[in-house]
Amino acid sequence: MRKLLIAFAVLLVLAGGLWYAAHNLNRYLEENRDWLAEQASTALGRPVAFDEIGVSLRGGLGARVTSVAIGDDPAFGKEDFLRAERIHAVIRILPALRGRYEVSRIELDAPAIRIIKTRQGFNFDSIARGSKPEEPAPGPKAIPFVVSALRIRDGVIVFEDRTASPPSELRVEQLAFSANDVSLDRAIELELAAAILGAREPNLRAAGTLGPLGSAADAARAPVDLRVDFGPFVIDRLKQLALVGASVPRELGSPDPIALGVTLSGTRDALATRVSMDASDAAVSYGDQFRKPKGVRFALDAEVERSAEAIEFDKLELELARARLTGSGRIGLAPDMPIDLQLSGSDVPLDGWGDLFPAAAAVDTSGALDLQLRAKGPARGGRVPRIEGTFALQELSARKPGGDLEIEGLTTTLSLKGDRAELPPTDFRLNGNPVRVAASVKQLSNFDTDFSVSSPAFDIAALGAGGKGVEQREVIEGLELRGNARLASGGPQLAATLHSSAGSVRDIAYRTLDAEASFRDRKLRFDKLALLAFDGSITGSGSCDLANPDVPAFSFRGRVDGVDLAALGARLGAARALPLSGRLVANADLTGAGADWPSIRRALVGNGGLEVKEGILGGVNIAESVLGGLTGLPGLSQLISPKVRGKYPALFGMEDTAFDVLSGKVALQGGEALIEQLALGARDYRLDGSGTIALDNALDIGMTLIASPGLTEDLIGGVKQLKLLSDSAGRIRLPLRLGGTLPTIRALPDLQFVARELSTGLVQSGIEKGIEA
């Protein structure tokens, strides 16, 4: 009973003390209601109003303020900056008994805060701006503001960005916040939950501790241990908010929820951060470069620590589809930003990337990749850090869907050594062709690369570049291609040499092929082209200026030695071949411009010379066409007697024109070839003349047939009148014209000339006989 009485007495004392403290606090609040509102308005520089203020015993002795409103800066509008249904401040009882009111806990019910951003700044910038400490004025003493706990329930924060057009708004709803043990010498326990981006349930949560804060000077070194979970959130919705959307890359997009977790520990100057993100159940895109559908693994786990000297990546794991990459390293915060980063991946599959990267969809790949990379060195000011490591490809196969390019069985290791890269001799099959490739990149900054490509036998048709209707297999044997490629300020540059021991291209069989070519300043040059084909050789050099790709300008200088024209004609076919056989020696110097044959034909200019030995001009017997065409003229009943025909069977019994040598000079201009000093030498006659061959193959050449002394004697012996057609040397001389369209040639004698000469001769002969009589 005695103990019960003591306990009851204690309760009475406490109740009395509580009543006394509440009575004093209530009297304090009632007596100073207007002064408290005025003090708050003065301190904030904003009007402060509330409906009621009084004592509350909920959760302990305290004060309750209802319908609190804090006005906004008039420059931003007339709405309130803050409104709250109720603010409840719990007072410490023991200090209150002594007349000292210390706030132990503040609770805000349904606060609504509106934050506005304009080009002039934020609406909270002017809070308490310009207020100066004043001398204590007569009146009540201010309540010591010592808060050990803070609670916010069902809060709303509205961020309005008026710098965007139209203005955007971000709402933070269902805000719940608590801070316990708020002091300078203990860790503050924090907890937060809120719904943002239109979520119906809280999708932003944070929990942890901050502090002890110590003095203001030690605040930067205050420890923090905080876990933040953000999600699910939608990137596309986040980008629509100009207030925060500007920090999201424009190309990044996702219509599906994503979760993000962040853990912070340490101090501001030495802060360790762990970030985890899993977007496997979301479709994510980055412009047209990356498209990840739902259900494809996409996760990130990183541990980062920031100090005054550097940002340390203790762990970096990225999982994308079936690939897993890991990394670590540091980024220095010195002015030159030195970095030392490592990235590795093992057995990374090479197939399926077309589903994620549209650019990769153009090629179907298979195989695997191992990579080990390290980047080290300064990275600021346009400098490229030194990159070392390897890319190891295992059984790479690549094929372009619907295309003609396929790579099979490529296994190699590409080594990076700073600004250099090395690809060792690597064997693979290109469309079934065995190929070996090697490359040495001497400078990655401009891709200065020495390369070589070789193949024992390269089938052109396997690449889809074969000719139509060819009879022989098109193959380049003993292929060796070597050169250098680089990127320069004026564009790409290339210098290369090509050698082939034998082969066939478009039914042109060759024994050796050598070429030297270069490309620089948009100009392609062939410094050397040598080809052994058609039992002879073809050599040349030239260039093509591509500065104007619509009308490229070119020049070529070439020489042909001993080419068999019959073999060349057989390759060209009857419709395109010259009706000519023999051994050709020729040279040409050409210039022109154009992207198609009609324009090239009009602009082609050049000159050259040719000589054909021991040849045949097919389809026409010039001697018989000319001499036989004179039959029937007055005084010539029969030009070629049977005796003469029998003596010269090779001359009059053939359908073609056989010759010992054919030579001439050619000038090209205005769409036609001007033939000068054209000479055809046969056993029994010679042809001299000149004319034109249009580039559409129309022929118009004037010539003179000069019979040999023997043929002249036999012709005159059979037909005496032919003596009237002989020249001062006693040889028959007959003018003629070669016409037609190649390959068809017609030889026609100049009948007017012959008739005139015969008539003049006969008249002269009659006059002479009359004088003699």
**Item:** the range 262-289, residues that are surrounded by fewer than 16 Cβ atoms within 10 Å (Cβ to Cβ) and within 22 Å of the chain's Cα centre (by Cα)
**Value:** Y286, G287, D288, Q289
**Request:** Mind listing just one residue for me: the one in the range 581-628 that is in a strand (DSSP E or B) and closer than 30 Å to V644 by Cβ and, of those, most open to solvent (accessible area, probe 1.4 Å)?
**Result:** E614
**Fill in**
Taking the range 40-71 and the residues there that are within 17 Å of L82 (Cβ to Cβ) and at pLDDT below 65, the one that is nearest to the chain's Cα centre (by Cα) would be A43
**Asked** Counting only residues that are surrounded by fewer than 17 Cβ atoms within 10 Å (Cβ to Cβ) and in contact (Cβ under 8 Å) with a residue 24 or more places away in the chain, how many does the range 181-201 have?
**Response** 7
**Fill in**
If we keep only residues of the range 730-773 that are modelled with pLDDT of 85 or more and assigned to a loop (DSSP other than H, G, I, E, B), then the residue farthest from G619 (Cα to Cα) is G730
**Message:** Being closer than 19 Å to L316 by Cβ and of a type in the set (A, V, I, L, M, F, W, C) is the filter here; which residues of the range 271-306 pass it?
**Reply:** L271, A272, V275, M277, A279, V284, F290, F298, A299, L300, A302, V304
**Unique match (being under 14 Å from L627 (Cβ atoms), open to solvent by 40 Å² or more (accessible area, probe 1.4 Å) and in contact with a strand residue (DSSP E or B) (Cβ under 6 Å, 6 or more places away or on another chain)) among R733, R746** = R733
**Asked** All but one of (1) within 24 Å of the chain's Cα centre (by Cα); (2) more than 25 Å from R522 (Cα to Cα); (3) of a type outside the set (K, R) hold for D427; which doesn't?
**Response** (1)
**Request:** Kindly list the number of the only condition in (1) at pLDDT 85 or above; (2) within 60 Å of the chain's Cα centre (by Cα) that fails for G710.
**Result:** (2)
**Request:** Output the number of the condition that L695 fails; it satisfies all remaining conditions of (1) touching a Gly at 6+ places or on another chain (Cβ under 7 Å); (2) under 22 Å from F652 (Cα atoms).
**Result:** (2)
**Item:** Number of the exception - R557 against (1) open to solvent by 40 Å² or more (accessible area, probe 1.4 Å); (2) farther than 30 Å from F659 by Cβ; (3) in a strand (DSSP E or B)
**Value:** (2)
**Message:** Out of L568, L578, I need the residue that is at pLDDT below 90, over 34 Å from the mean Cα position of the chain (by Cα) and open to solvent by less than 70 Å² (accessible area, probe 1.4 Å). Which one?
**Reply:** L568
**Residues of the range 234-250 classified as at pLDDT 75 or above and open to solvent by less than 70 Å² (accessible area, probe 1.4 Å), total** = 4
**Complete:** Of those in the range 376-393 that are touching a Gly at 6+ places or on another chain (Cβ under 8 Å) and open to solvent by less than 70 Å² (accessible area, probe 1.4 Å), the residue nearest to M337 (Cα to Cα) is P385
**Message:** Could you go through the range 88-103 and let me know if any residue there is modelled with pLDDT of 60 or more and open to solvent by 40 Å² or more (accessible area, probe 1.4 Å).
**Reply:** no
**Asked** If you go through the range 690-701 one residue at a time, how many are open to solvent by less than 20 Å² (accessible area, probe 1.4 Å) and of a type in the set (G, A, S)?
**Response** 1
**Request:** Restrict the check to the range 347-356 and report whether at least one residue is open to solvent by 70 Å² or more (accessible area, probe 1.4 Å) and over 30 Å from G332 (Cα atoms).
**Result:** yes
**Asked** Could you give every pair whose Cβ atoms fall below 8 Å, whose first residue belongs to the range 635-657 and is part of a helix (DSSP H, G or I) and of a type in the set (S, T, Y), and whose second residue is surrounded by 10 or more Cβ atoms within 10 Å (Cβ to Cβ) and at pLDDT below 80, counting only separations of at least 6 or pairs across chains?
**Response** none
**Request:** With respect to R525, determine if the residue is basic (K, R) and over 19 Å from S555 (Cα atoms).
**Result:** no
**Asked** Taking R686 and the conditions (1) at pLDDT 90 or above; (2) out of contact with any Lys or Arg (no Cβ under 8 Å at 6 or more places or on another chain); (3) open to solvent by less than 60 Å² (accessible area, probe 1.4 Å); (4) more than 28 Å from W597 (Cβ to Cβ), which numbered condition does it fall short on, given that it satisfies the others?
**Response** (3)
**Prompt:** If a residue has to be among the acidic types (D, E) and either open to solvent by 50 Å² or more (accessible area, probe 1.4 Å) or modelled with pLDDT of 95 or more (or both) to count, how many in the range 424-478 make the cut?
**Reply:** 4
**Prompt:** In the set L487, L568, L498, which member is outside any loop (DSSP other than H, G, I, E, B), in contact (Cβ under 8 Å) with a residue 40 or more places away in the chain and not small (G, A, S)?
**Reply:** L487
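The values are calculated or read from the model by the stated rules, or taken from the named source; none is laboratory data. Note that the structure is predicted; figures quoted are calculated from it, not measured. Positions of Cβ are generated from backbone atoms using ideal geometry, with glycine treated the same way; all protein chains shown enter the neighbour counts. Note: accessible area is taken over every heavy atom of the protein model, side chains too, but ligands, DNA and RNA are not part of it. Shrake-Rupley method; radii C 1.70, N 1.55, O 1.52, S 1.80 Å.
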